[in-house]
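Here's the structure we're looking at; comments come further down.
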Ligand SMILES: C[S@@+](CC[C@H](N)C(=O)[O-])C[C@H]1O[C@@H](n2cnc3c(N)ncnc32)[C@H](O)[C@@H]1O
């Protein structure tokens, strides 16, 4: 069968996200409101024209490629993290990245649009997208059509669990130092929102449950905003131990 769209579907840009690795990325948009990023559109005159009046909207749909997935490995049933990895659902009844076509769909907040010559940069927040993801399309989020208050959450109806997050003196000092170096604010809020969701992969969350006594003291790390965040499980939630600056190769500098 000749597909009319073959050769027609081409990325129009790329997502520059604070999430450079999969560990730590929220599982849906908006769960970490301070997760910022930039959609860098290709440097082409028609794309500058194509974004005219986009700044009138507060939220956008981003249609992107799960580029770090092997689409050949998708399975018809998956174990969603929301169900603790214990139960299976059909992949098309899920938002899993492992699907027949590796296409993602996220509603994000539009912060501002920057234009330098033909290069358009769309600053957004609430991202659940990995850095480097190719962007296929952007559409305005239209509340009158896209917001359906009576819609059901199906098997994902339970509220999103969030754990309390505390910081050691060392971690707070590290954050203050990092903010002085980068000139950016809000790092503690970003780490709090991300860690509160328990960013561990489902396999680790099943092996060591966050509220089990034997999990207390287990340590983890993940990269965010050019920092390596070290944290541990406590008896009441999570504790951030240190926030080290990452070097150009993605390794801690010290
Ligand atoms: C459950 S999916 C939902 C994405 C989107 N909101 C959707 O529903 O299509 C979100 C997860 O996809 C993964 N992810 C995001 N961008 C990716 C990429 N480019 N390649 C592979 N996995 C990615 C991250 O692990 C993230 O937590």
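None of the figures in this text is laboratory data; all of them are computed from the coordinates on show. Note that the coordinates shown come from a computational prediction; the quantities given were computed from them, not determined experimentally. All Cβ positions, glycine included, derive from the backbone under ideal geometry; neighbour counts span all protein chains shown.
Number of residues in region 163-175 that are over 24 Å from the mean Cα position of the chain (by Cα), assigned to a helix (DSSP H, G or I) and surrounded by 13 or more Cβ atoms within 10 Å (Cβ to Cβ) equals 2. How about region 199-225: which of its residues are surrounded by 19 or more Cβ atoms within 10 Å (Cβ to Cβ) and not in a strand (DSSP E or B)? Matches in region 199-225: 199, 200, 225.
Per-residue answers, yes or no, for (1) part of a helix (DSSP H, G or I); (2) surrounded by 14 or more Cβ atoms within 10 Å (Cβ to Cβ); (3) touching a residue at least 12 places away in the same chain (Cβ under 8 Å):
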site	(1), (2), (3)
43	no, no, yes
47	yes, yes, yes
69	no, yes, yes
82	yes, yes, yes
85	no, yes, yes
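Note on region 88-125: among residues that are loosely packed, with under 15 Cβ neighbours inside 10 Å, in contact (Cβ under 8 Å) with a residue 60 or more places away in the chain and not in a strand (DSSP E or B), the one that is farthest from the ligand (Cβ to nearest atom) is 117.
Residues of region 17-61 that are farther than 27 Å from residue 94 by Cβ and in contact with a strand residue (DSSP E or B) (Cβ under 7 Å, 6 or more places away or on another chain): 38, 40, 41, 42, 43, 47, 48, 51, 54, 55, 57, 58.
Restricting to region 62-76, and then to whatever is in contact with a strand residue (DSSP E or B) (Cβ under 9 Å, 6 or more places away or on another chain) and farther than 24 Å from residue 199 by Cβ, can you tell me which residue is nearest to the ligand (Cβ to nearest atom)?
63
The one condition from (1) buried (at least 16 other Cβ atoms within 10 Å of the Cβ); (2) in contact (Cβ under 8 Å) with a residue 24 or more places away in the chain; (3) over 26 Å from residue 12 (Cα atoms); (4) touching a strand residue (DSSP E or B) at 6+ places or on another chain (Cβ under 7 Å) that residue 155 does not meet is (1).
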